Each structure stands twice: as structure tokens, then as C-alpha cells.
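> Handing you a structure now.
No lab work stands behind these numbers, since they all come straight from the coordinates. As the structure is a computational prediction, the values presented were derived from the model and not from experiment. When we count neighbours, we look across all protein chains shown, and the Cβ atoms used for this are built from the backbone with ideal geometry, even at glycine.
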Amino acid sequence: MPIYQGGALTASREAAQQTLSAANAGIRNAQLDASQKLSASRDEAVNLKQSIAIQRRQQLLGEQTRALYQDQYLQLGTRPLLDLLNVDQEIYQAQFNQVLTEAQLRNLELDCLFSTGKMRAVFALDNQRIQGVEIRP
């Protein structure tokens with residue numbers, strides 16, 4: 001090592017190694033963050049699917065209750081009309097909640113596809129032309 005450099009080569013090499021180490025740490029952090037988000041999304045998807053099953057069950061029970069109340073109202077005259085209307089409202093509310101939950105699940109699935117980098121493959125966008133722009137892998 002020439003004396004006139006004063007350790008510049010060593011300092012430069014060590015600085016480059018530090019920069020490389022910092023870049024690698026950044027990559028590991030990004031991978032860990034993506035992995036944690038994907039895991040949380042999977043857990044949320046499981047919960048949403050369970051919610052959909054519960055909402056379907058609520059809707060089915062509501063329809064059975066409506067049939068019973070309707071028979072009691074029309075044939076026996078023992079059930080007030082308000083009860084029948086309330087059951088209908090509960091059925092429609094369960095349907096509405098189910099649609100909202102399904103929309104949340106679809107959005108979550110899209111987020112997972114984006115996070116894993118599989119969006120293009122799922123929608124078959126690679127090597128396609130969209131408004132004059134070629135989509136490349």
C-alpha cells in the first residue's frame with residue numbers, strides 16, 4: 001500500500017462494505033415486513049371466511065323463522081305483522097353484511113396478490129398490450 005494514499009483504499013473498501021451491509025439489512029427488513037403483512041392478511045382472510053359462513057347461517061335461520069312467522073300470521077293469526085316485517089329486515093341485513101364481507105375478502109385477496117407479485121400472472125397481463133403500452137414480465 002503506497003504511503004501517499006493514507007489508507008484511502010481501506011477506508012473506501014470498508015465504506016462500500018458498510019453500504020452493502022445496510023442495503024442487505026434494508027432488503028431483509030422489507031422481506032420481513034412483507035411476510036408479516038401477508039401472514040396478517042391470511043389470518044384476516046380466514047376470519048372473513050368464517051364470518052361469511054356465520055352470515056349465511058343467520059340468513060338461513062332468518063328464512064326459516066320468516067316461514068314460521070308467516071304461517072303463524074296467515075293461518076293462525078297469532079303472530080303480529082311487525083314480527084314478520086322485522087324478520088324480513090334481519091334477513092336483508094344479513095344479506096347486506098354478507099355482501100360487504102365478501103367485498104372485503106376480495107379486496108384482501110387482491111392485496112395478497114399484489115404483495116406476492118402475482119397480480120400480473122393471475123390476470124394474464126404479461127406480454128399484453130393495454131392502450132398501446134406493452135406489459136412485460
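> Expressed in nm to one decimal, what extension gain is obtained for the pair Leu108 and Ile27 from 0.36 nm per residue of sequence separation less their Cα-Cα distance? Before the final figure, lay out each step's value.
Details: separation 81, 0.36 × 81 = 29.16 nm, distance 2.42 nm.
Working it through step by step, the gained length comes to 26.7 nm.
> So how compact is segment 9-114: Cα radius of gyration and Dmax in angstrom?
Expressed in Å, the Cα Rg and Dmax of segment 9-114 come to 27.3, 98.
> Another question, if that's okay. I need the calculated FRET efficiency for the pair Lys118 and Ala15, taking r as the beta carbon distance and R₀ as 41 Å, to the nearest 0.05. Display every interim value, and only then the final one.
Values: r = 38 Å, r/R0 = 0.93.
Plugging the Cβ-Cβ distance into 1/(1 + (r/R0)^6) gives 0.60.
> How much of the pair distance distribution for segment 37-76 lies past 11 Å, counting alpha-carbon pairs only, in percent? Intermediate results must be reported in sequence, preceding the final value.
Working: 527 of 780 pairs.
Looking at segment 37-76, the distances longer than 11 Å represent 68 percent of pairs.
> Loop only by DSSP, 13 or fewer other Cβ within 10 Å of the Cβ. Give me the trypsin sites (Lys or Arg not before Pro) in segment 92-124 that pass, ordered by residue number.
Numbers: sites: Arg106, Lys118, Arg120; in loops: Lys118.
Of the trypsin sites (Lys or Arg not before Pro), the ones in loops of segment 92-124 whose Cβ has at most 13 other Cβ atoms within 10 Å are Lys118.
> Need one number: nm distance between label points at Leu85 and Ala53, each 7 Å from Cα along Cα→Cβ, rounded to one decimal.
Rounded to a tenth, the inter-label distance reads 3.7 nm.
> Counting other beta carbons within 10 Å of each residue's own, what order do Val87, Val99, Val133 fall into, fewest first? Kindly include the intermediate steps, with their values, before the conclusion.
On the way: Val87 21, Val99 12, Val133 8.
Listing Val87, Val99, Val133 from fewest to most nearby Cβ atoms yields Val133, Val99, Val87.
> Still on this structure, please answer the following. Any idea what the relative contact order of the chain is, in percent, if you count C-alpha pairs under 8 Å spaced at least 6 apart? Mind dumping the intermediate values first?
Working: 66 pairs, mean separation 29.7, N = 137.
It rounds to 22 percent for the chain.
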